[in-house]
Amino acid sequence: MILDFHCHYSPTFFRYREYRMDLASLVRDMDRHEIGQAVLSAAGEFAAYATDEGNAEIAAAVRRFPGRFIGFATVNPWSRAAGIEGLKRAHREHGLAGLVLHPILQGFEANDPLVFPLVEAALALNLPIYVTGGAPYLAMPYKIADLAGRYPEGRFIMGHAGWDFHFDVPYCLEACPNLWAETSRNGLANLEALARRFGAARLLFGSDQPFSSYAGEIEKIRLLPGLDDAGRECIFSGNARRLLRLEEAQ
């Protein structure tokens with residue numbers, strides 16, 4: 001079974017209104033494509049500023065479909081102390097198991113000191129940190145790597161494997177052993193370069209649902225050359241399970 005490290009849900013969405021976020025439809029799509037679990041986080045205004053409400057919706061989704069979703073909290077670092085308290089509450093009261101940062105949506109550089117207190121709060125809670133990557137200037141790979149390098153004890157995920165700035169990603173992963181690349185919305189050739197350099201160990205399958213399709217995102221991983229079935233299994237679920245420490249929780 002596959003573990004999708006990156007998909008979204010919000011009850012409404014302020015942009016791209018052609019996307020409909022329906023949990024039951026998402027679960028049916030997961031079943032069709034043999035997705036056992038998915039890391040779920042908020043989108044739109046619920047990731048930009050209404051994060052407490054968004055995190056509560058994610059927690060409700062986790063409760064509605066037990067065992068199918070792993071909820072990650074989204075917090076805007078501009079909310080400062082209130083955001084840190086919101087993260088602690090999302091973890092303590094809702095059981096959300098990670099933190100998502102959106103530099104382009106929330107308006108900060110990935111390695112700006114603004115984000116350090118929030119990152120430190122997440123690390124104190126032993127939470128992995130997903131940083132949406134690839135946005136020009138704000139979330140370029142080297143900025144995410146700089147953030148990860150400042151906290152070598154943490155677990156950081158570079159969203160979309162750096163997206164358009166894929167040439168920098170191998171150097172970032174090489175410099176930061178505590179950094180993984182999530183595969184959604186990136187091209188097969190770019191992911192092939194990472195797999196050739198690092199094997200399967202540093203890649204995490206993600207779909208970016210509903211903004212991409214399971215069929216296309218899964219096929220990219222299946223087409224990666226030079227990997228055996230065990231390597232693809234690592235990308236599809238093994239690496240994520242280890243990073244999320246799911247075996248330890250059993």
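Taking 8 Å as the Cα distance limit and 6 or more residues as the minimum spacing, I'd like the relative contact order of the stretch 2-249 as a percentage.
The normalised contact order for the stretch 2-249 reaches 17 percent.
Using r as the Cβ-Cβ distance of ARG196 and LEU123, and R0 as 35 Å, what FRET efficiency do you calculate, to the nearest 0.05?
FRET efficiency, ARG196 to LEU123: 0.65.
Working out 0.36 nm times the residue gap between ALA175 and LYS88, then minus their Cα-Cα distance, what length gain in nm do you get to one decimal? List each step's numbers first, then the result.
Values: separation 87, 0.36 × 87 = 31.32 nm, distance 3.00 nm.
Length difference between fully extended and current span is 28.3 nm.
Given a cut-off of under 8 Å on Cα pairs at least six residues apart, what relative contact order in percent is computed for the stretch 124-183?
That works out to 37 percent.
With viscosity set to 0.692 mPa s and temperature to 37 °C, compute the Stokes-Einstein D of the stretch 125-250, Rh being the Kirkwood radius across alpha carbon pairs; µm²/s, no decimals.
227
As a test of the definition: which semi-axes, in Å, follow for the stretch 94-182 when you take the square root of five times each eigenvalue of its alpha carbon gyration tensor? Largest first, please.
19, 14, 12
If N is the number of residues in the chain, what value comes out of its Cα radius of gyration divided by 2.2 N^0.38 Å? It would help to have the intermediate numbers written out before the result.
Numbers: Rg = 16.5 Å, N = 250, 2.2 N^0.38 = 17.9 Å.
For the chain, the normalised Cα radius of gyration comes out at 0.92.
Suppose every K and R has +1 on its Cβ and every D and E has -1 on its Cβ; what is the size of the dipole of the chain about the Cα centre, in Debye to the nearest 20?
On the way: 25 positive and 30 negative charges, 46 e Å.
Charge dipole of the chain: 220 debye, to the nearest 20.
Read the figures in this text as sums done on the coordinates, not as results from a lab. What you are looking at is a predicted structure, and each value in this text was computed from that prediction instead of being measured. Note: ideal-geometry Cβ built from the backbone for every residue, glycine included; neighbour counts use all protein chains shown.
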